[in-house]
Each structure stands twice: as structure tokens, then as C-alpha cells.
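As C-alpha cells, the structure follows; a few thoughts come after it.
The values are calculated or read from the model by the stated rules, or taken from the named source; none is laboratory data. Keep in mind that this is a model prediction, so the values were computed, not measured. Counting neighbours? That spans all protein chains shown, and the Cβs are built from the backbone with ideal geometry, glycine included. Keep in mind that these areas ignore ligands, DNA and RNA; they rest on the heavy atoms of the full protein, side chains included. Shrake-Rupley method; radii C 1.70, N 1.55, O 1.52, S 1.80 Å.
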Amino acid sequence: MRILVPRNFRNPGELNPTYVSSDPRDERFREDVVEIDLRDCTFVRPAAVLWCLIYPLLAKLRGSTCRLLVPEDMVVCVYLQSIGLFDILRTDGVDVDTRGIPDRQTPQLVLPLTGFQKQSEVEAVANDVLERLSTSGLGAANLYPLVSEVFAELALNAVEHSHSRVGAYGFVQFYEFHQGQRFVCGVADGGIGIRESLARNPEIEPRVPYDWVAIELAVRERVTGTGDKTRGIGLYGIAEDMRRPGRHLILHSGIGSLEISEEMETEARRTSLFPGTLAYASIPT
């Protein structure tokens, strides 16, 4: 199976559903070879990087031979190398031809792709993020604690609820878009997804027939798959924070996706598969 990605690859929802309809979390996944073709890419956004990481890791776990065809555009390759994508994939047995790609420091990369599986690991990484921000000189210093807290909350959700066989991964980066400067945090896992996590609560299970319905419910206060009425405030708090001016949150789980910002909160939509859950927060400086 070869998966062709868009030239300007911004998020997994842009993928052709035909290519990614096979779910590598499913025991029935039987692809002998999985090839992810980035050769024509001229731009890969961080949310898309997380899909490029999680999908082949899960396919490899199912016994597929996996190969990532790197972009021909050297600038994109250098970025993907600097964020740590290639090294993680190669360590886990995915074939990535990185010959000729230089290792370069990216000053705006606060935290490269980093894996974590336990709460204690998340706490250590979040503290590291805050320390790195404090010495970076990037953006507005008064936002450093907020960026660290948003990252920590998204990462804790992943390790506590995903039950992922490949763990969870996250990054923090400073970006200069044409609209202005901003911090972005991304966390993704290859776990059971929001719908199955909420459905573990018998009171909620009948209310989440689809992934997109589950995502809408997950950002409400005191909604949790644990059944503990004191839980369910973390993701709700993040969603409320992202309704402030200029901020933006994307949640993508299974074949459902929801975007939240001050300007818009549409109904969650049906979209291309992300095997697990991806959360992406963007905060202007």
C-alpha cells in the first residue's frame, strides 16, 4: 500500500480517505508493505508530522514492512530531520533514506518529537519545556507557563486514556507565520481514540455512536470515560482557553475532527482517519 500525501501537507484530514481507510490498530490490518510517499511535499506542518510518525509505527507493529519516502525538497527534509521524525522511525525499524540530509539546529524548535508513556515522564518533559522556553528568548515570556501547561495537559490525556501500544509523542515549536508569531504544541498517540475511551463509561457509551460525536462531548465539563465525577476538566479547560483571541485547537480522533477558536466552533466533522488521537494547540504571542 502506497499513501500519497498532499504537496502542502497541513493535517491528516487532507489525506485521501481511500489511501488511509485501513486502520493499523485493527487486528485485521494485513498490509505486507506500507509506503508513505512524501517525495512531492514542499511543506509539512507539525500536525501532519505527527501522522507521519504514528501511522508507520502502528503498521510496523502489525508486521508490515514500512518505508518513508522523504521529500525531494531539501528544506522540508532538514525540518523533518530537525524535529526528530526520521530518527524515531529508523529506530523502530521503518526504512528512511536520509543520505545527504544535514543535521541542523532549529532555534525555533523548543522541544523535538519526544515520546512518553507515564505521568512522571510527562511531568519531566513539561518541566523541560518550561526551562527551554525560559532560556530561548522566543515570543512573549509571560506565555511560557501557559505553553508548558497546555502541552502537559494534552500529554497527560494521551498517557492516561489512550492505552496506546506505541506510547505518545509530542513537540513544542515557535512559528513565525505571515499572520504573526505563535507557539504550537502537538501531541499524538496510536491508542484507542476518544470514542472508545468515553465508551468505557456505561453512562456515556450510548451517547457516542461516532468519533465526531465523541469529540464534541469530550470538550464538555465533567465528561470522562472513567466514571469519576471529579474528572473531565482538563480537556474542557484547554478548549475554553483556546476560545480566546487568536488561539486555535484541533482535535482529530479516528475519523472525527473538531476545531475550536474564538472565531469558530463548528460541529465536529467526519474526516480521514487518524489512528488514535491528535491534539494541536496554537497560541499567538
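Some observations on this one:
- Test for Thr18: is it within 23 Å of Gly256 (Cβ to Cβ), of a type in the set (S, T, N, Q) and without any contact (Cβ under 8 Å) to a residue 40 or more places away in the chain: yes
- The C-beta contact set for segment 183-205 (first residue within 30 Å of Ala141 (Cβ to Cβ) and in contact (Cβ under 8 Å) with a residue 12 or more places away in the chain, second residue open to solvent by less than 30 Å² (accessible area, probe 1.4 Å) and of a type in the set (S, T, N, Q), distance under 7 angstrom, 6+ apart or interchain) comprises Val184/Gln173; Val184/Ser282; Ala188/Thr277.
- From the list Thr266, Thr224, Thr230, the one residue that fits, being open to solvent by less than 20 Å² (accessible area, probe 1.4 Å), hydroxyl-bearing (Ser, Thr, Tyr) and at pLDDT below 90, is Thr224.
- Helices (runs of 4 or more DSSP H) (entirely within segment 60-167) containing at least 3 residues that are under 30 Å from Val219 (Cα atoms) and in contact (Cβ under 8 Å) with a residue 60 or more places away in the chain: 144-161
- Hits in segment 9-47 (condition: more than 19 Å from Tyr175 (Cβ to Cβ) and of a type in the set (Lys, Arg)): Arg25, Arg28, Arg30, Arg39
- Subset of segment 163-172 [open to solvent by 10 Å² or more (accessible area, probe 1.4 Å), at negative phi and not aromatic (Phe, Trp, Tyr)]: Ser164, Arg165, Val166
- Every residue from segment 48-82 that is over 22 Å from Ser257 (Cβ atoms) and either buried (at least 23 other Cβ atoms within 10 Å of the Cβ) or in contact with a Cys (Cβ under 7 Å, 6 or more places away or on another chain) (or both): Lys60, Cys66, Leu68, Val70, Pro71, Asp73, Val76, Leu80
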